[in-house]
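Quick notes on the structure that follows.
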Amino acid sequence: MLLQGKVAIITGAASARGIGRATATTFAQHGARVVILDLDASAARDAAASLGEGHLGLAANVADQALVQQAVAAVIEHFGRIDILVNNAGITQPLKTLEIGHCDYDKVLDVSLRGTLLMSQAVIPLMRQQASGSIVCMSSVSAQRGGGIFGGPHYSAAKAGVLGLGKAMARELGPDNIRVNSIAPGLIHTDITGGLMQDERRHAIIDGIPLGRLGEAQDVANAALFLASDLSSYLTGVTLDVNGGMLIH
C-alpha cells in the first residue's frame with residue numbers, strides 16, 4: 001500500500017480505458033483516496049464510485065482558473081489535504097502545421113499546458129503548508145521526437161511545454177519538499193488511439209518498438225504510482241519515458 005492515507009487528484013480520469021482511469025484505479029488499490037476531475041460531472045462521479053467507497057468525482061475544466069480553484073477548494077473541504085496531483089488531462093488533433101488554426105492552437109495548449117499550470121497553482125499553497133507533495137505531469141514522446149504519431153505540431157509544442165514547466169516547478173518547489181516529475185508515454189492503447197489506427201499502421205509502429213508491443217494504460221499508471229509514492233522520494237525534475245524503447249536517448 002504505497003499511498004496509504006494519501007489524497008490524490010487526477011485530471012481527465014473519467015474515460016473507462018484511459019490513462020487517467022488506470023492511474024486512479026492503481027492509486028486506489030494502493031490506499032489513496034482519489035479525486036477524479038473531468039469535464040462531465042456525472043462521468044466523474046461514476047468513475048469515482050467505480051473505485052469503491054471514499055473517493056470523489058468532480059467536474060472542472062482545467063483551463064478555467066475559477067473552476068479549478070472551486071474544485072480544489074471542494075477537495076480541501078472534503079478531505080482536508082492534497083498529497084498528489086496528476087496532471088493527466090489533455091487533447092490532441094492530427095493536424096499539419098499549415099492546418100493549425102487559432103482555435104485549434106488555443107484548444108490544445110489550453111488543456112495540456114495551461115491546465116497543468118492552473119491545477120499546479122491551485123494545489124501548491126496547501127502542499128507548502130504540509131511541507132510535502134508530489135506533482136506528476138503527463139507529457140508525451142511526441143514532445144521529444146517531434147511528433148510523427150497522431151498529434152499535430154501544436155500538440156508536440158504543448159507537451160514539450162509541460163516538460164519545461166515541470167522542470168522549472170521542480171527547481172522552484174524543491175525547498176518546500178514538493179516534487180514535480182513528468183511522464184512521457186509512447187503510443188498507448190486507449191479508446192482514442194485504438195480508433196485512429198488501422199492494422200497496417202499499427203504493425204509499422206510496433207516494428208519500431210524494441211519491446212514489440214504498444215503500451216497499455218496500466219504501464220503508465222505504474223510509472224505514475226512510482227513518481228507519486230515515496231519510492232521516488234529523491235527524484236524531482238525527471239522525465240520518465242514509458243515508450244517500450246520507441247525513443248532511446
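Every read-out reported here was derived from the displayed coordinates using simple, explicitly stated rules and does not represent laboratory data. These numbers come from a predicted model, not from an experiment. Positions of Cβ are backbone-derived with ideal geometry, glycine not excepted, and every protein chain shown enters the neighbour counts.
Roughly how big is the chain's charge dipole about its Cα centre, with Cβ charges of +1 (Lys, Arg) and -1 (Asp, Glu), in debye to the nearest 20? Before the final figure, lay out the partial values.
On the way: 18 positive and 21 negative charges, 80 e Å.
Magnitude of the dipole: close to 380 debye.
Which of the peptides 220-232, 102-114 is most tightly packed, and how do the rest follow, judged by the mean count of other Cβ atoms within 10 Å per residue? Mind dumping the intermediate values first?
Values: 220-232: 20.3, 102-114: 17.5.
Order by mean packing, descending: 220-232, 102-114.
Relative to the longest principal Cα axis of the chain, at what angle does helix 19-29 sit, 0 to 90 degrees, rounded to 10? Between helix and principal axis, roughly 40 degrees. Judged by the mean number of other Cβ atoms found within 10 Å, the most tightly packed of the peptides 209-216, 174-181 leads the ranking 174-181, 209-216. Diagonalising the gyration tensor over the Cα atoms of the range 15-66 and scaling each eigenvalue by 5 before taking the square root yields semi-axes of 18, 11, 10 Å, largest first.
Under the shape rule built on the C-alpha gyration tensor, where the axes satisfy a ≥ b ≥ c, the range 38-89 is oblate, since a/c reaches at least 1.5 while a/b does not exceed b/c.
Anisotropy class assigned to the range 123-249 is prolate, per the alpha carbon gyration tensor with a/c at or over the 1.5 cut-off and a/b larger than b/c.
Quick one: helix 153-173 against the long Cα principal axis of the chain, what's the angle to the nearest 10°, folded into 0 to 90? Taking the Cα atoms of the chain, the angle to 153-173 is about 30 degrees.
Against the chain, whose longest principal axis is taken from its Cα atoms, helix 115-130 shows a tilt of about 30°. Summary value for the range 7-241: 20 percent relative contact order, contacts being C-alpha pairs under 8 angstrom separated by 6+ residues. Other residues whose C-beta falls under 14 angstrom from the C-beta of Asp176 contribute a net charge of +1, scoring Lys and Arg +1 and Asp and Glu -1.
Each of His203, His55 was scored by other Cβ atoms within 10 Å of its Cβ. Listed from fewest to most, they are His203, His55. Which is farthest toward the positive dipole end of the chain among Ser120, Val180, Ser15, measuring Cα position about the Cα centre, with Cβ charges +1 (Lys, Arg) and -1 (Asp, Glu)? Comparing the listed Cα positions along the dipole, Val180 ranks first.
The alpha-carbon of Lys167 sits under 22 angstrom from the alpha-carbons of these lysines, leaving out residues fewer than 8 places away in its chain: Lys159. Annotation: peptides 29-37, 5-13, ranked by per-residue average of other Cβ atoms within 10 Å with the highest first, follow the order 5-13, 29-37.
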